[in-house]
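K.L.:
The structure under discussion is supplied below as structure tokens; questions concerning it will follow.
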């Protein structure tokens, strides 16, 4: 946790550019940083992580105000904006670095994540069981500067147009009530 009024959430669901573009639009989210978590190589680079041998997942670390948006609300958006049933894959992105993951920062986040997964599995909203990794947060390495705010700074780039823009459109429709007003 960062201080008394904000909390951290660290999640992975495929390419961090996609997650960052979604979560930075939510009311109550103060900052989103793309990076790496869950591996064994200190200060891993993008090239190392993409090679799939560091054990890290591409993740985002979210600083949020729980008075405006809860951890459970963040997980609702998380599960609605990626496929948590595909092991080590999101769309064309494949490898352990693209795994669906929640790195919990305290016992309450662990409890909420487990309850949300059980609820979604029981509701059978997906074509298979959720395979999202739920693991304790240990260390986060911010990705290189050129990855931060990638969609905002490269909206015309091919991947952004083909993958992120359609995802954002669906997200904005489903979560219009949670979007920032600025």
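K.L.:
What percent antiparallel are the DSSP beta bridges of the stretch 7-174, to the nearest 5? Write down the numbers at each step before the final one.
P.N.:
Numbers: 22 of 26 bridges.
Antiparallel bridges make up about 85 percent of those DSSP assigns within the stretch 7-174.
K.L.:
Rounded to the nearest 500, what is the 222 nm mean residue ellipticity of the chain from helices alone, with -39500 (n - 2.57) per DSSP H run of 4+ residues and division by all residues?
P.N.:
After summing the helix terms and dividing by the residues of the chain, the value is -8500 deg cm²/dmol.
K.L.:
While we're here: Computed FRET efficiency, Cβ-Cβ of residue 107 and residue 153, R0 45 Å: what is it to the nearest 0.05?
P.N.:
Numbers: r = 37 Å, r/R0 = 0.83.
After rounding, the FRET efficiency stands at 0.75.
K.L.:
Among 12-23, 54-65, 105-116, what's the highest-first ranking by average C-beta atoms within 10 angstrom per residue? Mind showing how you got there, number by number?
P.N.:
Details: 12-23: 25.2, 54-65: 23.2, 105-116: 15.9.
In descending order of packing, they fall as 12-23, 54-65, 105-116.
K.L.:
Just to compare against my own numbers: the Cα pair-distance distribution for the chain, 5 Å bins, whole % per bin, please.
P.N.:
Going out from 0 Å in 5 Å bins, the chain shows 1, 8, 17, 22, 23, 17, 9, 2, 0 percent.
K.L.:
How high is the relative contact order of the stretch 7-174, in percent, with contacts defined as C-alpha pairs under 8 Å that are six or more residues apart? Please list the in-between numbers first.
P.N.:
Details: 301 pairs, mean separation 52.1, N = 168.
Dividing the mean separation by the residue count of the stretch 7-174 yields 31 percent.
K.L.:
Based on the mean of other beta carbon atoms within 10 Å per residue, what is the order of 156-163, 135-142, most packed first? Could the numbers behind the result be given before it?
P.N.:
Details: 156-163: 13.2, 135-142: 15.1.
Listed from highest to lowest mean packing, they are 135-142, 156-163.
K.L.:
Another one. Which order do peptides 26-35, 144-153, 122-131, 67-76 fall in by mean Cβ count within 10 Å, highest first?
P.N.:
The densest-packed peptide leads the list: 26-35, 67-76, 144-153, 122-131.
K.L.:
Same structure, new question: Taking the Cα centroid of the stretch 29-71 and of the stretch 161-176, what is the distance between the two, rounded to the nearest whole Å?
P.N.:
With the stretch 29-71 and the stretch 161-176 each reduced to a Cα centre, they are spaced 21 Å.
Rule-based calculations on the coordinates, nothing more; no lab input. Predicted model only: the values in this text are computed from it and were never measured. Neighbour counts run over all protein chains shown; Cβ positions are idealised from the backbone, glycine included.
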